[in-house]
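In what follows, a single structure is set out as structure tokens and then discussed.
What follows is calculated from the coordinates using simple rules that are stated; it is not laboratory data. All values derive from a computational prediction rather than experimental measurement. Neighbour counts are summed over all protein chains in view; Cβ atoms, including those assigned to glycine, are modelled from backbone coordinates with ideal geometry.
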Amino acid sequence: MSLRIEEHAQIMAYLQVRYILAQAEKMRNFLRNFAEKQQRKASNDLLAGLFHEVNKHEKLLEQCLEDFELETTQDLLDTWIQFSGDDELEEAMASLSGVVEQNDDNVLEKLLHAEETLLRVYNQAHEQTSSERLQELFESLIELQDHHLRNIANCVSEYEEMRRG
């Protein structure tokens, strides 16, 4: 559920935390499925390992979010915050959907973009909430996602080195 308010010709969205987490979960499920498919058709062990890492990370974060939702009050999940990242998530998923027959470099570039989008979304949600409990949640998600992005970037660098060498 969302409430959109037009102000100064710019649309600002107010969304419930529950909705934001559901959108992030939708992206995580998409990334997990994407990584499983890419892992099966990877052209080498390094790429297969990278997609395995993505899949493992998405499962870990899924469990973290499930635990948070179970341990949290409904009032906190019903908190409304200003948020516009849901469109970014949809665009990142659409971009990855189109990589079926693209080369490995394009796939990796779009995967990194999708993972960076999740990081931006978590940062935006963190900035927009005043609830200490929600800030802690988004800080944890930011840390996990940032660490994950560094791992992916390292794997991509290794892959590029391997291709050059």
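For segment 70-91, the set of residues classified as within 22 Å of ASP146 (Cβ to Cβ) and more than 14 Å from the chain's Cα centre (by Cα) consists of ILE81, PHE83, SER84, listed by residue number. If you filter segment 18-48 down to residues that are touching a Phe, Trp or Tyr at 6+ places or on another chain (Cβ under 7 Å) and surrounded by 20 or more Cβ atoms within 10 Å (Cβ to Cβ), you find that the one that is nearest to GLU66 (Cα to Cα) is ILE20. The set of residues in segment 50-69 that are within 21 Å of ASP146 (Cα to Cα) and surrounded by 15 or more Cβ atoms within 10 Å (Cβ to Cβ) comprises LEU50, PHE51, HIS52, GLU53, VAL54, ASN55, HIS57, GLU58, LEU61, GLU62, LEU65, PHE68.
When HIS113 is tested against (1) farther than 20 Å from TRP80 by Cα; (2) surrounded by 16 or more Cβ atoms within 10 Å (Cβ to Cβ); (3) under 10 Å from the mean Cα position of the chain (by Cα); (4) not hydroxyl-bearing (Ser, Thr, Tyr), just one condition goes unmet, and that condition is (2). Scanning segment 147-157 for residues that are farther than 17 Å from LYS59 by Cβ, exposed (fewer than 14 other Cβ atoms within 10 Å of the Cβ) and of a type outside the set (Gly, Ala, Ser) turns up ARG150, ASN154.
Each row is one residue, and each column tells you yes or no for (1) more than 13 Å from ALA24 (Cβ to Cβ); (2) crowded, with 16+ Cβ neighbours inside 10 Å; (3) free of Cβ contacts under 8 Å to residues at least 40 places away in the same chain; (4) aromatic (Phe, Trp, Tyr).
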| position | (1), (2), (3), (4) |
| --- | --- |
| GLN82 | yes, no, no, no |
| GLU91 | yes, no, yes, no |
| LEU96 | yes, yes, no, no |
| ASN103 | yes, no, yes, no |
| LEU141 | no, yes, no, no |
